[in-house]
Amino acid sequence: LIFKKIWKWFGIIFKVQSTISFTNTILTALWLTMIWYVHWWFFPYMLTLCSIVFILWFIPVLWTFFSSIPIVIVWFMFGGMQTAIYCIALILIIHAIETYILNPQIVSSYTHLPIAMTFLILIISEHFIWPIWLMIWVPIFFIVVDTLTDMDKWLSKKDSSHEPVLEIQEQIIEE
């Protein structure tokens, strides 16, 4: 029973992370295309950089560092320091959008938990626990909640099974 819950919630979080990764890859591609369009350069590495972003986005928090290195290096080679600074700004803006807007909304839409609660879980786990574990704390929260809900149902079912006995005892006392 517990393994079924673990499998379910980690599967949901994997879907969430896939959706976030895809969305952020689209945002990154749009931003890089905008930089490309402004500077009128032929840029053959767009697909490669977007693929790196998509794959590395499955690593919470560290994706920012790992995926930004090739983006900044490539754009520095093509456009110099100014373009590299644009790319760093791009990465910071997309990370802020992902952290404070997309992540809570997408997680709450998949888990049917209020956005405020999801945001609270993500903030607490980011600040008090090592950030790489962000993907793990939401499923752990739901596994605990599901287990407590099942325990409550089991206990209430057990308590309700004693009701006929209590009714008989009350009848005997009344007589």
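The values are calculated or read from the model by the stated rules, or taken from the named source; none is laboratory data. Please read these numbers as outputs of a predicted model, since none were measured by experiment. Methodologically, a virtual Cβ is constructed for each residue, glycine included, from the backbone with ideal geometry; neighbour enumeration extends over all protein chains shown. The accessibility values were calculated without ligands, DNA or RNA, using every heavy atom of the protein model including side chains. Shrake-Rupley method; radii C 1.70, N 1.55, O 1.52, S 1.80 Å.
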Within the stretch 56-80, the residues that are closer than 18 Å to MET34 by Cα and not in a helix (DSSP H, G or I) are GLY80
Kindly evaluate SER125 against the criterion of being closer than 20 Å to VAL16 by Cα, surrounded by fewer than 18 Cβ atoms within 10 Å (Cβ to Cβ) and of a type in the set (S, T, N, Q).
no
Can you name every residue in the stretch 1-52 that is basic (Lys, Arg) and surrounded by fewer than 17 Cβ atoms within 10 Å (Cβ to Cβ)?
LYS4, LYS8, LYS15
Return the pairs, sorted by first residue and then second, in which the second residue is at pLDDT 70 or above and not in a helix (DSSP H, G or I), the first residue lies in the stretch 126-149 and is more than 19 Å from PRO114 (Cβ to Cβ), the beta carbons are less than 9 Å apart, and the residues are 6+ apart or on different chains.
ILE132/ILE59; MET135/PHE58; MET135/ILE59
Can you run down the residue pairs with Cβ atoms below 6 Å, 6 or more apart or on separate chains, where the first is in the stretch 1-30 and under 14 Å from THR147 (Cα atoms) and the partner is open to solvent by 20 Å² or more (accessible area, probe 1.4 Å) and of a type outside the set (Val, Ile, Thr)?
LYS5/ASP146
Scan of the stretch 38-51 for residues that are assigned to a helix (DSSP H, G or I) and either of a type outside the set (Ser, Thr, Tyr) or modelled with pLDDT under 80 (or both), ordered by number:
VAL38, HIS39, MET46, LEU47, LEU49, CYS50
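Answer with yes or no whether THR83 is open to solvent by 20 Å² or more (accessible area, probe 1.4 Å) and part of a helix (DSSP H, G or I).
Details: open to solvent by 20 Å² or more (accessible area, probe 1.4 Å): no; part of a helix (DSSP H, G or I): yes.
Taking the combined requirement at face value, the residue does not satisfy it.
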Examine the stretch 59-72 for a residue that is over 18 Å from the mean Cα position of the chain (by Cα), among the small types (Gly, Ala, Ser) and modelled with pLDDT of 85 or more, and state whether such a residue exists.
no
Checking ILE55 against (1) crowded, with 16+ Cβ neighbours inside 10 Å; (2) modelled with pLDDT of 85 or more; (3) closer than 25 Å to PRO139 by Cβ, the condition it does not meet
(1)
Residue check, TRP63 against (1) open to solvent by 70 Å² or more (accessible area, probe 1.4 Å); (2) under 30 Å from VAL145 (Cβ atoms), all met but one. Which one?
(1)
Would you check if ILE35 is touching a residue at least 12 places away in the same chain (Cβ under 8 Å) and over 25 Å from VAL138 (Cβ atoms)?
yes
Residue, most open to solvent (accessible area, probe 1.4 Å), within the stretch 88-112, restricted to residues that are in contact (Cβ under 8 Å) with a residue 24 or more places away in the chain and under 11 Å from the mean Cα position of the chain (by Cα):
TYR110
